[in-house]
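> Following this message is one structure expressed as structure tokens.
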Amino acid sequence: MSAPPRVLTVAGSDSGGGAGIQADLKTMLALGVHGMSVLTAVTAQNSLGVQGAWELPVEAVRAQYRSVVDDIGVQAVKTGMLASAELVETVADLLAGTDAPTVVDPVGVSKHGDPLLAASALDSVRTKLLPVATVATPNLDEVAQLTGLRVASEPDMRRAAAAVLEFGPRWVVIKGGHLAAAGSEEAVDLLTDGAEEHWLRASRHDNRHTHGTGCTLASAIASYLARGHTVPEAVAAAKTYVTGALASGFALGAGIGPVDHGWAWRGEGAG
């Protein structure tokens, strides 16, 4: 039996299992790829928020990455929480030397608003990490952090995408899930490379248990890229997967519960 496609996540750990490395690996398993991990930070985290975070030494991150890539190899890489400028620059250098598509989720804050990236690292994300991204997947808060633009409408999403593309990623997905205040019954994302646009729409689900949404989407995109899909195909399929996971999100603890990464196993599958 041949090995499945291999996908590497470079991200932080969520001790509550809803986001981070844990969400990434669950997503990869659900979508039929072999997930591998480079741990960048450890968080004490639950449904109520992040109680503590500790980044790993650069040497440990580099050693994990080389150990996996040099022996096992990868068909796609996804990045998440990188915490500091030093880690961002180290990971960017490693990615630049890896012949595989990369999905960059420029994690800045947790679902609960807890900071997961040092303010001093933002410039490194702009100048080092985004230029090596095949796809960048910022949410609206991360767009504001990176570009200074506040997105309140779909036309704003187009302007935000253009601003992010100026930093160098080949494609960008502007995630519009936080546009709920506009009263739309749809959750809309914009995928563009500056030449073509894909507006991805799905029904908005009335479910507060959404922890891990961003990690799950980025990991799903990486998984579909590893399986040989084009970027537009991968993002569309990932949108379908994460929409199902959101619809099935469940209560866990006293706060915001996680999306359900295994929903597809109990339904019609995720493609």
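The values are calculated or read from the model by the stated rules, or taken from the named source; none is laboratory data. Source: prediction; values computed, not measured. No Cβ is skipped: glycine too gets one built from the backbone with ideal geometry, and neighbour counts run over all protein chains shown. Note: accessible area is taken over every heavy atom of the protein model, side chains too, but ligands, DNA and RNA are not part of it. Shrake-Rupley method; radii C 1.70, N 1.55, O 1.52, S 1.80 Å.
> Heavy atoms of the protein only, probe of 1.4 Å, neighbouring chains included. What is the accessible area of LYS26 in Å², nearest 10?
Taking all protein chains as shown, LYS26 has close to 90 Å².
> Another question about this same structure. Once the convex hull of the alpha carbons of the chain is built, what does its volume come to per residue, in cubic angstrom?
Looking at the chain, the number lands at 117 Å³ per residue.
> Using a Gaussian network model of the chain with C-alpha springs under 10 Å, which one of ALA83, ALA202, ALA11 is most mobile by mean-square fluctuation?
ALA202
> Once phi is turned into ³J(HN,Hα) by the Karplus curve 6.51 cos²θ - 1.76 cosθ + 1.60 with θ = phi - 60°, what whole-Hz value does each residue of the range 42-56 show in order, with x for glycine and proline?
Taking θ as phi minus 60°, the curve returns 10, 10, 8, 8, 9, 6, 9, x, 9, 8, x, 8, 9, 7, 8 Hz for the range 42-56.
> Excluding SER67 itself, what net charge comes from residues whose Cβ is under 14 Å from its Cβ, given Lys and Arg +1 and Asp and Glu -1?
That works out to 0.
> Same structure again: Could you size up the charge dipole of the chain around its Cα centre, putting +1 on the beta carbon of Lys and Arg and -1 on that of Asp and Glu, and report it in debye to the nearest 20?
With only Lys, Arg, Asp and Glu charged at Cβ, the dipole is about 340 debye.
> Among the lysines in the chain, how many pairs, 8 or more places apart or on different chains, have alpha carbons under 19 Å apart?
10
> Please identify, among VAL33, VAL42, VAL68, the residue showing maximal mean-square fluctuation in a Gaussian network model of the chain using a 10 angstrom Cα cutoff.
Checking each option, the largest mean-square fluctuation is seen for VAL68.
> Which log10 I(q)/I(0) values, to two decimals, does the range 34-102 give at q = 0.16, 0.19, 0.22, 0.24 Å⁻¹ under the Debye formula with one point per Cα?
Debye output, listed in q order: -0.58, -0.78, -0.98, -1.10.
> Another one. Rounded to the nearest 500 deg cm²/dmol, what is the calculated helix-only ellipticity per residue at 222 nm for the chain, with -39500 (n - 2.57) per DSSP H run of length n ≥ 4?
Taking each H run of at least 4 residues, the total per residue is -10000 deg cm²/dmol.
> In addition: Any chance you could check the Cα centroid distance between the range 11-71 and the range 159-224 for me, in angstrom?
Using only Cα atoms, the two centres lie 22 Å from each other.
> Pick from GLY228, GLY108, GLY249: which is most flexible by mean-square fluctuation in a GNM of the chain where alpha carbon atoms under 10 Å apart are linked?
Looking only at GLY228, GLY108, GLY249, the largest GNM fluctuation is found for GLY228.
> Something else now. Name the residue farthest towards the positive end of the dipole of the chain from the options ALA251, THR240, CYS215, assuming +1 on Cβ of Lys and Arg, -1 on Cβ of Asp and Glu, about the Cα centre.
So the residue we want is ALA251.
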